[in-house]
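Here is the structure we will look at, set down as structure tokens.
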Amino acid sequence: MRRMFGFLIGIFVGGLVGAVIALLLAPESGENLRTQLRDRGQGFMNEIRHSADSRRIELRNRLESLRTPREV
């Protein structure tokens, strides 16, 4: 029982020390970090949409060229 209590205290203290170190070494405040992550996520989604639209147009044009009958 004593070993279990010591183990749980060690986990708690380790987590507390880790959280304090993370807060002290964090490059930005929480709000700034969330804003940056949100902006990067939106930029990433915009790139994906743009790439998908470009590919869709390319495939549509290729399909149209395949549908047109060839002259012999």
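Nothing in this text is a laboratory measurement; each read-out follows from the coordinates by a stated rule. Not measured: the values here are computed from a predicted model. Glycine also receives a Cβ, built like all others from the backbone with ideal geometry; neighbour counts cover every protein chain displayed.
Taking 7 Å steps out from each Cα toward its Cβ at LEU33 and ALA19 produces label points 1.4 nm apart. Using R0 = 30 Å, the C-beta based FRET efficiency linking GLN42 and GLU64 works out to 0.35. Placing +1 on the Cβ of every Lys and Arg and -1 on the Cβ of every Asp and Glu, with nothing else charged, gives the chain a dipole about its Cα centre of roughly 340 debye.
Histogrammed with a bin width of 10 Å, the alpha carbon distances of the chain distribute as 15, 18, 15, 16, 13, 10, 8, 4, 1, 0 percent, first bin at zero. Dividing the summed -39500 (n - 2.57) terms of all DSSP H runs of n ≥ 4 by the residue count of the chain sets its mean residue ellipticity at 222 nm at -31000 deg cm²/dmol.
Which FRET efficiency value, to the nearest 0.05, do you get for ILE9 and ILE57 by plugging their Cβ-Cβ distance into 1/(1 + (r/R0)^6) with R0 = 35 Å? For R0 = 35 Å, the calculated efficiency reads 0.05. Applying both filters, DSSP loop and at most 14 other Cβ atoms within 10 Å, to the GluC sites (Glu not before Pro) of the chain gives GLU28, GLU71. Between ARG49, ARG40, ARG62, the Gaussian network model of the chain with springs among Cα atoms under 10 angstrom shows the greatest mean-square fluctuation at ARG62. Among LEU23, LEU37, LEU59, whose mean-square fluctuation peaks in a Gaussian network model of the chain (Cα, cutoff 10 Å)? Top of the fluctuation ranking is LEU59.
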